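Input: a single structure, listed below in structure tokens.
Readers should treat all values here as calculations from the given coordinates under stated rules, not as data from a laboratory. Note that the structure is a prediction, hence the values are computed from the model and not measured. Every residue, glycine among them, receives a Cβ derived from its backbone with ideal geometry; neighbour counts consider all protein chains shown.
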Amino acid sequence: MIHIAPSVLSADFGRINEESAAVGEAGADWLHLDVMDGRFVPNLTFGPPVVARLIKPDGLVFDAHLMVLEPDHLVEAFAKAGVHRLTVHVEAATHLHRTLAHIRECGMKSGVALNPSTPLAAIEWVLDSVDLVLIMSVNPGFGGQSYIPQTTRKIAALAEILRGRGLDLPIQVDGGINVGTIGEAASAGATVFVAGTAIFGEADYGAAIEKLRAGAAAGQKPVLRELG
Ligand code: DX5
Ligand code: ZN
């Protein structure tokens, strides 16, 4: 199953409700909400009060990616704001296991995100208590960056670990995803694709989402080349 998640970071924040409705109608599966605190990452975006005021189009999954230090304090507020999925960074949570349990207790699906330099071993002991793993394919903080090529092997290595442990967790990839990169991320085992620039930077959101979906589907077919 392929899920396309437009990142509102690249949307027009002044028309955020229209933009989210537009991508929902254009075939998006999830709406990716990048929450930044100006500390974990050098940028600031929005928090629970803004998300609470967003119109929630039917069927559109609200997927919040917290790039904030000590995210525990915000878990309940995001649940109340109507978020369905909440992902925290392994580098930012001191008591990650507890934070992930708290996310589930609040009725949301839990996710854990890894920066490009963070080894997969950092999540070894929480894989049984999480609903999604987000592999960052750029250093978080900004949209419009280029996909880091080593990400593909990292996704493949994670997929292998999950297979070995009999875990059926979705792998999400975020950063620099476009028609040129989505295929290789998909071939490695990613199934949830965040895209900011590649969707909100295009005039026709529906066509952009369709192209990404087709690129991911093509990548899922067996590849004949080595991943390097
Ligand atoms: C980066 C964010 C991404 C960002 C992706 O810190 O987590 O979600 O919006 O933007 P693009 O797709 O433009 O790389
Ligand atoms: Zn993100």
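Nearest 5 is fine: what % of DSSP beta bridges in segment 12-79 come out antiparallel, could you say? Intermediate values should be presented prior to the final figure.
Details: 1 of 8 bridges.
Restricted to segment 12-79, the bridges split so that about 10 percent are antiparallel.
Using Cα pairs closer than 8 Å and at least 6 residues apart in sequence, work out the relative contact order for the chain, in percent.
On the way: 461 pairs, mean separation 45.8, N = 228.
So the answer I get is 20 percent.
Only lysines eight or more places from Lys154 in sequence, or on another chain, were considered; those with a Cα closer than 29 Å are Lys109, Lys211, Lys221. Stretched out straight at 0.36 nm per residue, the stretch from Phe142 to Ala157 would grow longer than its current Cα-Cα span by 2.8 nm.
The HN-Hα couplings worked out from phi for segment 19-33 by the Karplus form 6.51 cos²θ - 1.76 cosθ + 1.60 (θ = phi - 60°) are 5, 5, 4, 5, 6, x, 5, 7, x, 5, 8, 10, 10, 8, 10 Hz, whole numbers, x standing for Gly and Pro. Protection proxy ranking, highest mean first, for peptides 181-188, 102-109: 181-188, 102-109, where packing is the per-residue count of other beta-carbon atoms within 10 Å, averaged.
Take every DSSP beta bridge whose two residues both sit in the chain; close to 5 percent of them are antiparallel.
Contact order normalised by length for segment 112-228, with contacts defined as Cα pairs under 8 Å and 6 or more residues apart; what percent is it? Don't skip to the answer; put the middle values down first.
Values: 174 pairs, mean separation 27.9, N = 117.
Averaging sequence separation for qualifying contacts and normalising by length gives 24 percent for segment 112-228.
Using Cβ point charges alone (K and R +1, D and E -1), the dipole size of the chain about the Cα centre works out to roughly 320 debye. A simple count of charges around Gly175, restricted to other residues whose Cβ falls under 13 Å of its Cβ and scoring Lys, Arg +1 and Asp, Glu -1, yields -1.
Need the full-extension length gain, Ala77 to Ala203, defined as separation in residues times 0.36 nm minus the C-alpha distance. One decimal, nm.
42.0 nm
Computed over the chain, the quotient of the alpha carbon radius of gyration and 2.2 N^0.38 Å is 0.94. Would you mind getting me the FRET efficiency between His95 and Asn17? Use the beta-carbon distance for r and R0 = 35 Å, nearest 0.05. It comes out at approximately 0.50.
Tell me the trypsin sites (Lys or Arg not before Pro) within segment 120-228 that lie in a loop according to DSSP and have at most 13 other beta-carbon atoms within 10 Å. Present the calculation step by step, with values, prior to reporting the outcome.
Numbers: sites: Arg153, Lys154, Arg163, Arg165, Lys211, Arg213, Arg225; in loops: Arg165, Arg225.
Those that pass, being in a loop and sparsely packed, are Arg165, Arg225.
Karplus-based coupling profile of segment 43-50, in residue order and whole Hz: 9, 10, 10, 8, x, x, x, 6, with θ = phi - 60° in 6.51 cos²θ - 1.76 cosθ + 1.60 and x standing for Gly or Pro.
The residues packed around Thr45, meaning those with a beta-carbon under 15 Å from its beta-carbon, carry a net charge of -4 if Lys and Arg are +1 and Asp and Glu are -1.
Given a cut-off of under 8 Å on Cα pairs at least six residues apart, what relative contact order in percent is computed for segment 100-156? Let's see the in-between values first.
Details: 61 pairs, mean separation 18.7, N = 57.
Dividing the mean separation by the residue count of segment 100-156 yields 33 percent.
Full extension of the segment from Asp168 to Met1, taken as 0.36 nm per residue of separation minus the current Cα-Cα distance, would add 58.9 nm.
Estimated from helical segments only, the mean residue ellipticity of the chain at 222 nm is -9000 deg cm²/dmol, where each DSSP H run of four or more residues counts as -39500 (n - 2.57).
Give the Rg/Rh ratio for segment 121-181, taking Rg as the radius of gyration of the Cα atoms and Rh as the Kirkwood radius, to two decimals.
Details: Rg = 12.4 Å, Rh = 12.5 Å.
For segment 121-181, the value is 0.99.
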